[in-house]
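A short reminder: the numbers here are calculations on the coordinates, not readings from a lab. None of the values given here were measured: they were computed from a predicted structure. Cβ placement follows ideal geometry from the backbone for every residue including glycine, while neighbour counts extend to all protein chains displayed.
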Amino acid sequence: GAGCCSERLSRSSAACCKTVLMRLEVEAAADWIASTFIPGADEADLKQAFNEQLQAVLFARYEGHWYVDEPHRGCAYRSITWGPPLIDALLQRAADAAGVRDAAFGSAMQRGEPYFLLWV
């Protein structure tokens, strides 16, 4: 876990720690977003597929843009925006790959999901 990081890590250990920390943050963000857009237990498979696709999309985007010692660095690049009618391209890409139809985003709008800007 996050306890793997210390000031005396070798380069390979530091890279591994960075990857672990990034994966934890990406998983947390994807879990929250998937639960926000697909809250129903009757759609658990769809929620899981969206979550997994979103993690893959985010991890691919953030690789090389994750600075453990400087968390503010690259934060705009690592942001996700939801503000109907704006749907962040990363959300849309993951939704398309998972087979999530516009209905999930539409129902989020009907439930009054607020605008958010999430920094991962």
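Roughly speaking, what is the stretch gain from CYS75 to SER35, that is 0.36 nm per residue apart minus the C-alpha to C-alpha distance, in nm to one decimal? Intermediate values should be presented prior to the final figure.
On the way: separation 40, 0.36 × 40 = 14.40 nm, distance 2.30 nm.
Full extension from CYS75 to SER35 adds 12.1 nm.
Can you pull the one-decimal nm distance between simple spin-label points at ARG101 and ALA28, each 7 Å off the Cα toward Cβ?
3.5 nm
Report the extension gain between ASP45 and ALA60 in nm, rounded to one decimal, defined as 0.36 nm multiplied by the number of residues separating them, less their alpha carbon distance.
3.1 nm
Take every Cα-Cα pair in the range 26-79 and report what % of them are more than 13 Å apart.
Details: 879 of 1431 pairs.
Of the Cα pairs, 61 percent sit more than 13 Å apart.
For the range 21-28, just list the computed ³J(HN,Hα) in residue order, Karplus coefficients 6.51, -1.76 and 1.60, θ = phi - 60°, integers in Hz, with x standing in for Gly and Pro.
4, 5, 4, 4, 5, 5, 4, 4
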